[in-house]
Amino acid sequence: MKRIIAYNVRDEEVQLAFDWAKAHDVELVIAEGQLSVDTVHLAEGFDGVTTSQNSKVVKEVYETLKNYGIKQIAQRSAGFDYYDLEAATANDIIITNVPSYSPESIAEYSLTAALNMVRKWDDIQVVTNNHDFRWQVPIRAGLVNEMTVGIIGTGHIGLTTAKLFKALGAKIVAYDLYRNDKAEGILEYRDSIEDVVKESDIVSLHVPATKDNFHQFNYELFKNFKPTAYLVNAARGSIVDTEGLMKALDDNLLAGATLDTYENESDYIPKDWSQKDLEDKTLEKMLNHPKITFTPHIAFYTDVSVRNIMTFALQATLDVIETGDTTFRVN
Ligand code: NAD
C-alpha cells in the first residue's frame, strides 16, 4: 500500500482526505503545520507529500525529500509562489498545483453578486426589516435579460461566468489579451477595456493580478462606465484602486460594486478581526461604503472547491508515485 503524508490539513478537509485514501487504497497520515526544515523529517518512510503552504519551502527541504526517495510535493492551491522551482528541479522533485478546481464556484458568485445589485437585494432587506412594505422606485429591479455584461478575462472562470449570464439572455462583450476560441457564439470581443465598460451594465473581472493591471480600474477608467452600471471583482484586489472606486461611486460614475477581494487583504483574510480595530482605514471606509458590498475572498469557497482542491492534489501525488509524472506539474 502506498503511503502519503498530508501537511497543514484544515479540519473541514480531514474526512475528504481519508475518504479519498480509502477509495484509492492509500495509507494517509496527517501532519501538523506546514512543510518546513523543522517538519520535513515526518515525511521519512512515505511515498508522497501534499501540503498547503503559505510559507516558503527552502532548498534543504527538497534535498531531504530526495534522500527519502520522495519525488514530488503537491500544493493544494492554484498559486505556487512559495516554492523554489529551481531547487526542486535540481533535486528531481516535481511540484504540482491545482490550477482549476471549480471555475463554476467563482462564476456562480459573480452571477449572485450581480443579481443582488440588479435586484436591489440589500436595499429591499433594509426597508422590509423596517416594516416598510411599499413598492417604490429605489427598490425596483433591472433585468439581466435586457443587459449587456462585460467580462474582463475570458479564461476558465470568465468564460464560465459569461455562459451563466448568457443563459439569462444577456448580451456578453469581453476583453482579453488572448482571445479564447471556445468563446465563439457566447460573447463578442472588443479591442479595449474602455470599449467593454462603455457598453456594459455589469462589468465582471476575471484576470490575474499582474504588474500591468495594478489599479487598472481607477477613477479615470470609471469615467467610461455607465452611471447605472455595476462592478463585480472576484479576481484580485490590486486590479481595482479602492480609493478611486469609492470616489467614482460618490460622484455617481457607476451605481455599485461587489468586491470579493481587496488590494491589501493579506493581513486580514481569512482571519477573525471581530475583537480588534481595523488599522487599515481604506478597508474600514470601504466596508462602510453604502454602494459597496464586500466579501472576504470567498468566491471559490464551496463544497465542490474544498473537495476538489484536496482530491486533485492527492491524485497528483499518486500519479507521480505510480507513473513518475502528472498533468498538474509546474516545473
Ligand atoms: P485563466 O488563466 O483561465 O484566465 C485568465 C485570463 O485572463 C486569460 O484568458 C488571460 O489571457 C487573461 N489575462 C491575463 N492578463 C490579462 C490582462 N492584463 N488583461 C486582459 N486579460 C488578461 O484563469 P482563471 O482560472 O479564469 O482565473 C482568473 C482569476 O480569477 C485568477 O487569476 C484569480 O485572480 C481569480 N480567482 C479568484 C478566486 C476567488 O475566490 N475570488 C478564486 C480563484 C481565482
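Name the most mobile residue of Thr50, Thr128, Thr282, meaning the one with the largest mean-square fluctuation, in a Gaussian network model of the chain with Cα contacts below 10 Å. Greatest mean-square fluctuation among the candidates belongs to Thr128. FRET efficiency for the pair Lys163 and Val304, taken as 1/(1 + (r/R0)^6) with r the Cβ-Cβ distance and R0 = 25 Å, rounds to 0.90. Going down the list Lys211/Lys285; Lys120/Lys281; Lys163/Lys271; Lys182/Lys291, which pairs span over 29 Å between their C-alpha atoms? From Lys211/Lys285; Lys120/Lys281; Lys163/Lys271; Lys182/Lys291, over 29 Å: Lys163/Lys271; Lys182/Lys291.
Each peptide in 295-302, 146-153, 135-142 receives the mean, over its residues, of other Cβ atoms within 10 Å, and ordering these scores from highest gives 146-153, 295-302, 135-142.
Here the Gaussian network model covers the chain, with springs between Cα atoms less than 10 Å apart; of Gly79, Gly185, Gly45, Gly185 fluctuates the most.
A simple packing score, the average count of other Cβ atoms within 10 Å per residue, orders the peptides 169-176, 65-72, 188-195 as 169-176, 65-72, 188-195, with the highest score first.
Taken as Cα centroids, region 308-331 and region 15-59 sit 13 Å apart, rounded to the nearest whole angstrom.
Maximal additional length on extending the Leu287-Asp251 stretch stands at 11.2 nm, based on 0.36 nm per residue less the C-alpha distance.
Considering every alpha-carbon pair of region 34-78, the percent of pairs per 5 Å bin, from zero through the bin containing the longest distance, is 5, 24, 37, 25, 8, 1.
If you take the Cα centroid of region 181-213 and the Cα centroid of region 121-170, the two points sit 18 Å apart. Extension gain, Glu104-Lys182: 0.36 nm per intervening residue step, less the Cα-Cα distance, totals 26.5 nm. Helical runs (DSSP H, four residues minimum) scored at -39500 (n - 2.57) apiece and divided by the length of the chain put the mean residue ellipticity at 222 nm at -10000 deg cm²/dmol.
On full extension, the segment bounded by Asn129 and Glu32 gains 30.4 nm, given 0.36 nm per residue less the C-alpha separation. The relative contact order of region 160-274 comes to 21 percent, based on Cα pairs under 8 Å that sit 6 or more residues apart.
Bear in mind these aren't lab numbers, they're just calculated from the coordinates by the rules spelled out. None of these values were measured; they are calculated from a predicted model. Because the Cβ atoms are built from the backbone with ideal geometry, glycine has one as well, and the counts that use them run over all protein chains shown.
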